[in-house]
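The values are calculated or read from the model by the stated rules, or taken from the named source; none is laboratory data. If you're wondering where the values come from, they're calculated on a predicted model, not measured in any experiment. Heads up, the Cβs are rebuilt from the backbone with ideal geometry, glycines too, and the neighbour counts pull from every protein chain shown. Accessible surface areas use protein heavy atoms only, side chains included; no ligands, DNA or RNA. Shrake-Rupley method; radii C 1.70, N 1.55, O 1.52, S 1.80 Å.
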2 protein chains.
Amino acid sequence: MPALQYLPAACAVALLAGCAVTGGGPAPADKRTSAEILAQSAPADWRALDPENLLVLRLASGSVVLELAPEFAPRHAANIRALAREKYFDGLVILRVQDNYVVQWGDPAEDERKRRRIRNALISLPPEFARGADGLAFTPLPDGDVYAPEVGHAGGFPAARGGGQAWLTHCYGMLGVGRGDSAESGSGAELYVVIGHAPRHLDRNITLAGRVVQGIEKLTVLPRGTGALGFYEKASQHVRIQSLRVAADLPPRERPQLEALRTDTETFQRFVAARRHRREAWFLDPVGHVELCNVPLPVRQAAR
Amino acid sequence: MPALQYLPAACAVALLAGCAVTGGGPAPADKRTSAEILAQSAPADWRALDPENLLVLRLASGSVVLELAPEFAPRHAANIRALAREKYFDGLVILRVQDNYVVQWGDPAEDERKRRRIRNALISLPPEFARGADGLAFTPLPDGDVYAPEVGHAGGFPAARGGGQAWLTHCYGMLGVGRGDSAESGSGAELYVVIGHAPRHLDRNITLAGRVVQGIEKLTVLPRGTGALGFYEKASQHVRIQSLRVAADLPPRERPQLEALRTDTETFQRFVAARRHRREAWFLDPVGHVELCNVPLPVRQAAR
């Protein structure tokens with residue numbers, strides 16, 4: 001893995017005097033900002049999001065769109081689709097909003113026997129904490145990581161690699177599968193989204209299955225729960241899920257038409273370089289590094 | 001600085017089989033969870049927050065309490081106090097809420113000449129991006145960092161150190177001083193709080209002056225602005241600031257009575273060790289690392 005590289009001490013001392021030396025090696029030859037690189041990207045730099053991998057979560061306040069990650073969690077992606085297809089989530093609720101941590105939804109019945117019955121989907125699954133790294137297109141980041149030997153992007157998702165394995169990482173907006181104390185206790189019937197600083201200590205402790213690609217602000221503005229772990233204390237506080245659907249099952253005109261920047265292209269590498277070495281006039285120190293969860297993963301409306 | 005240490009590959013591969021080897025060296029001898037360490041802490045492990053360093057931001061929805069960091073930004077702390085004391089912020093507004101980034105408040109007048117006049121405080125200040133590291137009690141973290149040679153805690157704040165300098169870091173909840181393109185353009189009349197994944201690329205690019213110690217959820221649930229950079233597009237969307245006061249200026253019974261866990265004690269080091277090596281039954285992998293902004297900085301109500 002690449003060694004961590006830091007702002008040289010001489011530069012740190014001289015920072016207020018306008019030191020122009022950067023931390024992460026020489027400035028990239030491409031002088032564009034990340035916004036300019038995106039604006040000048042080619043159609044082939046983007047991928048259309050597959051409606052079979054998109055979930056649409058409808059709340060009274062609007063919709064949240066999530067992309068599943070079957071490359072990392074194929075069984076969980078399949079089971080979440082199966083749950084959506086039996087309309088398992090319709091009328092269930094967001095029951096937990098813990099500040100700087102997660103929004104979580106599912107069946108609020110404390111007694112498991114009183115929870116909605118799962119008809120077609122599986123009621124538990126072996127965990128998919130990691131997969132083999134072989135055969136996975138992985139674009140590494142150069143700045144190192146506190147939690148993993150190597151981090152980068154794969155298939156449009158933030159990920160880590162090491163020991164022959166690869167796994168998704170708990171960045172802002174990631175979708176995870178709640179579980180109890182046993183590894184096999186998750187099914188997808190209880191899901192969460194990260195709404196705070198990346199809780200990377202959850203990586204490989206719990207299965208990640210995708211990420212929010214549109215509308216996360218419908219989740220992040222929800223009132224924080226005042227019970228333990230951010231659970232709502234009263235049923236009247238629960239936020240009702242109108243429906244959760246696989247986009248492919250929606251009438252074509254209701255399907256989100258979204259494109260995501262591919263993470264396996266030269267354009268993406270230039271975009272990351274521009275996020276490491278900031279060209280915007282506001283930056284007095286161009287920084288020279290970027291941490292995995294600070295790399296934006298652009299999504300845009302597809303031309304119809 | 002300490003080398004980054006990772007979960008050994010053998011353990012990563014064997015993870016699903018219940019591998020007990022940890023990443024960050026041997027497990028600490030103290031077998032308690034971080035919650036148990038806090039519950040069993042001594043009164044001397046806590047410091048009472050000085051009302052001269054506390055700000056109380058009152059909104060219709062309740063109060064947010066912030067602690068200033070004069071050890072790092074003495075001139076900005078003094079100027080923010082001076083602004084609060086001339087009631088500069090009373091009746092001004094929260095004008096920007098950008099998802100996964102910042103909440104910002106100040107005078108919304110686009111024409112600078114139409115903004116509220118600053119009477120006693122300074123209208124601009126030289127930046128306080130960093131200070132000398134000498135004489136600063138600094139408790140380093142062992143797991144390395146992507147952005148700085150060394151990170152840890154000083155005086156109750158997350159911080160970094162390198163090249164003879166020390167500086168505050170942009171973790172969740174940190175309070176910063178908005179500025180324009182020039183380094184000297186900030187005064188404290190425009191303030192922001194981090195409400196998303198730590199934007200560490202702002203470190204040493206902008207002055208940090210403190211952090212939220214209570215009530216951050218009053219800020220994080222605010223509707224996201226739909227204009228560029230998360231600014232509210234209409235004046236009717238602005239969230240009015242009822243008042244912003246130095247706690248010392250409030251009647252004694254209205255002052256927040258808060259204590260923060262000291263960061264220069266053995267208890268804090270044990271607390272950090274317990275966050276690195278997770279003892280809670282839920283964790284299948286005890287992790288073995290902690291990133292700076294994932295270390296909670298506990299605050300509690302003081303006994304009266």
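For region B:41-188, the share of accessible area belonging to carbon and sulfur comes to 49 percent (1.4 Å probe, ligands and nucleic acids excluded). Between 0 and 90 degrees, the angle of helix A:266-276 with respect to the longest Cα principal axis of chain A falls at about 80 degrees. Given the pairs B:Lys87/B:Lys234; A:Lys114/B:Lys31; A:Lys234/B:Lys234, which span a C-alpha to C-alpha distance of over 31 angstrom in this model? A:Lys114/B:Lys31; A:Lys234/B:Lys234, as the Cα separations exceed 31 Å there. Taking Lys and Arg as +1 and Asp and Glu as -1, the other residues whose beta-carbon sits under 10 Å from that of B:Trp46 total +1. Count Lys and Arg as plus one, Asp and Glu as minus one, and take only other residues whose Cβ is under 10 Å from that of B:Ile241; the net charge is then +1. Residues of region B:99-124 buried by at least 10 Å² of accessible area upon assembly of all protein chains, compared with the chain on its own (1.4 Å probe): B:Asp99, B:Asn100. On the beta carbon distance between B:Leu136 and B:Gln301, with R0 = 25 Å, the FRET formula returns roughly 0.30. Rolling a 1.4 Å probe across the protein heavy atoms gives chain B an accessible surface of 40 Å² per residue.
Using Cβ point charges alone (K and R +1, D and E -1), the dipole size of region A:14-149 about the Cα centre works out to roughly 640 debye. Modelled spin labels at B:Gln257 and B:Asp30, positioned 7 Å past Cα toward Cβ, are 2.8 nm from each other.
Look at the alpha carbon pairs under 8 Å that are at least 6 residues apart: their mean separation over the length of region A:68-110 gives a relative contact order of 24 percent.
Relative contact order of region B:46-178, taken over Cα pairs closer than 8 Å and 6 or more residues apart, is 15 percent. Using a cutoff of 8 angstrom between alpha carbon atoms and counting only pairs six or more residues apart, the relative contact order for chain A works out to 29 percent. Accessible surface buried at the B:A interface totals approximately 5000 Å², computed with a 1.4 Å probe on protein heavy atoms.
Between B:Glu184 and B:Ala78, the FRET efficiency from the beta-carbon distance, with R0 = 25 Å, is close to 0.95. Neighbours of A:His289 by Cβ distance under 13 Å: Lys/Arg scored +1, Asp/Glu scored -1, total -1. Measuring heavy-atom accessible area with a 1.4 angstrom probe and counting protein chains only, the residues of region B:207-234 that give up at least 20 Å² relative to the chain alone are B:Glu217, B:Thr220, B:Val221, B:Arg224. For B:Ala39 and A:Ala60, a Förster radius of 41 Å and the Cβ-Cβ distance give a FRET efficiency of 0.55, rounded to the nearest 0.05.
Accessible-area loss of 20 Å² or more (1.4 Å probe, protein heavy atoms, chain alone versus all protein chains) is found in region A:130-151 for A:Asp145, A:Val146, A:Tyr147, A:Pro149.
Dipole of region A:36-149 computed with +1 at Lys/Arg Cβ and -1 at Asp/Glu Cβ about the Cα centre; of A:Pro70, A:Ala39, A:Gln104, farthest Cα towards the positive end is A:Gln104.
In angstrom, the C-alpha Rg and Dmax of chain B are 20.6, 67. For the protein assembly as shown, what class follows from the C-alpha gyration tensor (a ≥ b ≥ c being the square roots of its eigenvalues): rounded when a/c is under 1.5, otherwise prolate if a/b is larger than b/c, else oblate? Rounded, because the longest to shortest axis ratio a/c is under 1.5. Each 10 Å bin from 0 upward holds the following percent of the Cα-Cα pairs of region A:86-148: 14, 28, 28, 23, 8.
For chain B, the longest principal axis of the alpha carbon atoms and the long axis of helix B:74-85 meet at an angle near 50°.
Is the shape of region A:206-300 best called rounded, prolate or oblate, per the rule: a/c under 1.5 gives rounded, else a/b larger than b/c gives prolate, else oblate, with a ≥ b ≥ c the square roots of the Cα gyration tensor eigenvalues? In terms of gyration-tensor shape, oblate.
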